[in-house]
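All remarks here apply to the structure that follows.
The values are calculated or read from the model by the stated rules, or taken from the named source; none is laboratory data. Please read these numbers as outputs of a predicted model, since none were measured by experiment. For neighbour counting, all protein chains shown are included, and Cβ atoms are generated from backbone atoms with ideal geometry for every residue, glycine included. Just the protein is used for accessible areas: all its heavy atoms, side chains included, with ligands, DNA and RNA removed. Shrake-Rupley method; radii C 1.70, N 1.55, O 1.52, S 1.80 Å.
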Amino acid sequence: MKYNLPQAITVTGDGPVRTVTINRPDELNSINADLHWGLANVWRQLAADKTIRVVVLTGAGRAFSAGGDLNWITTFLDDESARDESIREGAAIVEEMLRFPLPIIAAVNGPAVGLGVSVALLCDIVLISQTAYLADPHVAVGLVAGDGGAALWPLLTPILRSREYLYTGDRIDAATAVELGLASRAVAPEELLPQAHRLAERLAAQPSEALQGTKRVVNMYLSQVLGGPLQAGFAAEVATMKTAEHRERLLDFQKRANRR
């Protein structure tokens with residue numbers, strides 16, 4: 001099947017398993033406009049391919065995804081239509097992943113930051129490299145963690161623990177991510193994709209209607225619980241996008257990143 005996707009997302013494999021790779025390795029798979037659109041649209045295209053039973057999602061190179069591309073995000077400071085479109089598309093990413101009928105296994109090969117964490121945690125099973133970490137630095141740049149963190153993390157880990165990491169943006173190493181319930185298990189880096197694919201093949205051999213029906217029931221629960229908080233989160237994130245503090249912190253963060 002031919003996919004209508006930007007170069008920043010690749011789909012490979014045959015038989016019942018497909019590997020979706022976030023493919024901007026030189027930019028640590030940071031999410032720009034093309035990749036954001038791709039993440040919102042890849043799931044419906046995969047669902048249309050009736051030969052697929054399981055999807056593995058990973059990142060090319062050293063990162064899973066470093067979150068939003070700073071050069072793209074800074075355009076929102078003065079482009080209201082681009083900002084609003086990114087919010088609509090962000091909601092579509094969450095909705096499409098929750099609606100996707102097949103199991104998705106995240107193979108978190110490196111840092112998963114901001115929206116990158118949300119994409120990983122919307123998968124059904126999260127395998128994380130022992131050298132990877134999670135972080136949501138929204139608050140540090142003056143934003144509400146509205147694209148999944150504030151709504152999703154408290155469903156997966158104790159609220160007191162999720163508050164600390166969401167409020168500070170501190171990194172969560174692989175072992176801690178498993179302890180908190182933000183990852184299924186940590187594996188050696190060289191074993192990450194082999195284990196993900198072995199698990200994918202095992203799931204692909206399960207009775208498909210029973211497996212998909214079980215996912216549908218679980219995700220109905222998630223959709224119901226996420227509905228209110230997620231909508232509130234996006235609205236609150238938009239409000240903070242308009243603040244002087246966010247502008248100042250984002251531009252300072254971009255300046256420091258460009259000096260590295």
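Taking the conditions exactly as written (at pLDDT 95 or above, open to solvent by less than 10 Å² (accessible area, probe 1.4 Å) and touching a Leu at 6+ places or on another chain (Cβ under 9 Å)), does Val11 satisfy them or not? When the stated conditions are applied, Val11 does not pass them.
Scanning the stretch 42-67 for residues that are assigned to a helix (DSSP H, G or I) and charged (D, E, K, R) yields one hit, Arg44.
Among the residues of the stretch 66-86, just one is in contact with a Gly (Cβ under 8 Å, 6 or more places away or on another chain) and touching a residue at least 60 places away in the same chain (Cβ under 8 Å), namely Gly67.
For Met97, the requirement of being open to solvent by less than 10 Å² (accessible area, probe 1.4 Å) and either of a type in the set (Phe, Trp, Tyr) or within 27 Å of Arg198 (Cβ to Cβ) (or both) is met.
Could you please tell me which pairs satisfy a Cβ distance under 6 Å, a separation of 6+ or placement on different chains, a first residue in the stretch 42-65 that is farther than 26 Å from Gln206 by Cα, and a second residue that is β-branched (Val, Ile, Thr) and open to solvent by 10 Å² or more (accessible area, probe 1.4 Å)? From residues that are farther than 26 Å from Gln206 by Cα, the pairs are Ala60/Thr21. With respect to the conditions (1) assigned to a helix (DSSP H, G or I); (2) touching a Phe, Trp or Tyr at 6+ places or on another chain (Cβ under 9 Å); (3) surrounded by 20 or more Cβ atoms within 10 Å (Cβ to Cβ), Leu39 falls short on a single one, namely (2). Taken together, the residues in the stretch 70-89 that are more than 14 Å from the chain's Cα centre (by Cα), closer than 30 Å to Ile128 by Cβ and not hydrophobic (A, V, I, L, M, F, W, C) amount to 4.
Candidates in the stretch 187-220 are the residues that are open to solvent by less than 40 Å² (accessible area, probe 1.4 Å) and outside any helix (DSSP H, G or I); of these, the one that is farthest from Ala107 (Cα to Cα) is Ala188. The lone criterion from (1) under 26 Å from Ile31 (Cβ atoms); (2) free of Cβ contacts under 8 Å to residues at least 40 places away in the same chain; (3) open to solvent by 50 Å² or more (accessible area, probe 1.4 Å) left unmet by Gly169 is number (3).
Looking only at the stretch 23-36, which residues are hydrophobic (A, V, I, L, M, F, W, C) and either more than 13 Å from Gly68 (Cα to Cα) or open to solvent by 10 Å² or more (accessible area, probe 1.4 Å) (or both)? It would help to see each step written out before you state the result.
Just the residues of the stretch 23-36 that are hydrophobic (A, V, I, L, M, F, W, C), to begin with: 28, 31, 33, 35.
Scanning the stretch 23-36 gives Leu28, Ala33.
Scan the stretch 113-140 for residues that are in contact with a strand residue (DSSP E or B) (Cβ under 6 Å, 6 or more places away or on another chain), in a helix (DSSP H, G or I) and β-branched (Val, Ile, Thr) and the total you get is 1.
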